[in-house]
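*Asks:* The structure is given below, and queries will be raised subsequently.
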Amino acid sequence: MRMNLPPPPAPPPRPSVRQMLGEMRQVRPLPPQRGAFAVRAGLAMGVPILAGWLAGEPAAGMMATIGGFTSLYGSGRPYGARALMLAVVASAFAAAVAFGLWLEHLSWLVVVPVLSMVAMLAAWLCSATRTGPPGAYLFVLACAAGTAIPADHLTPLQAGARVLGGGAFA
């Protein structure tokens, strides 16, 4: 027995160029708490730079700012769960930068596959723990930044400690 199904609905009409340009200029309201999120992230990244500048070590402040990216994670979670998550995230940023600094003197033929493995591991962990945005991207960015930071005067552990300090502040 064959059933007569109605035809599928027609696709919505494509907006005109004028409509698209008008929508691009439209400012929509912020999602709830987005302003507080932006201020928190700005302070978490700006204060380490200011502290480094005041201490006469702007490079140290810039390095600690990588740990400040910790503030971008865990929004909307209960405080206890968020505190635990942020401690793990800050530690992971510190480890990623230290690992990247350790890789710094190796050939790019080694660094690129290792960064790919870091990306794979970070993506798997962020997916398994339902970390949410920005997810694994910033961990890989921190590791890649560690390979390019001009910090020959620091050991990877010292650099990781600075990043951890920025993450602890965040």
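*Asks:* Just how large is the dipole of the chain about the Cα centre, in debye to the nearest 20, putting +1 at every Lys and Arg Cβ and -1 at every Asp and Glu Cβ?
*Replies:* Computed charge dipole of the chain: roughly 980 debye.
*Asks:* Pick the calculated semi-axes √(5λ) of the Cα gyration tensor in Å for this structure from [x] 39, 18, 14; [y] 39, 23, 18; [z] 33, 16, 14?
*Replies:* [y]
*Asks:* Here is a further query. For a quick check: sort ARG82, ARG34, ARG162 by the number of other beta carbons within 10 angstrom, fewest at the front.
*Replies:* The order, fewest Cβ neighbours first, is ARG34, ARG82, ARG162.
*Asks:* Then there is this: What is the sum of charges, Lys and Arg at +1 and Asp and Glu at -1, for the other residues whose Cβ falls under 15 Å from the Cβ of ARG82?
*Replies:* Within the 15 Å Cβ shell, the charges total +3.
*Asks:* Could I ask something else about it? Could you tell me which of VAL47, PRO13, LEU30 has its Cα farthest along the dipole of the stretch 1-50 towards the positive end, charges placed at Cβ (Lys, Arg +1; Asp, Glu -1), taken about the Cα centre?
*Replies:* PRO13
*Asks:* Under the Karplus relation 6.51 cos²θ - 1.76 cosθ + 1.60, θ = phi - 60°, what is the ordered set of whole-Hz ³J(HN,Hα) values for the stretch 31-43, x standing for Gly and Pro?
*Replies:* x, x, 6, 5, x, 5, 4, 5, 5, 4, 5, x, 5
FYI, it's all coordinate maths here, none of it is from the lab. What you see is a predicted model; the values in this text were computed from it and never measured. Every residue, glycine among them, receives a Cβ derived from its backbone with ideal geometry; neighbour counts consider all protein chains shown.
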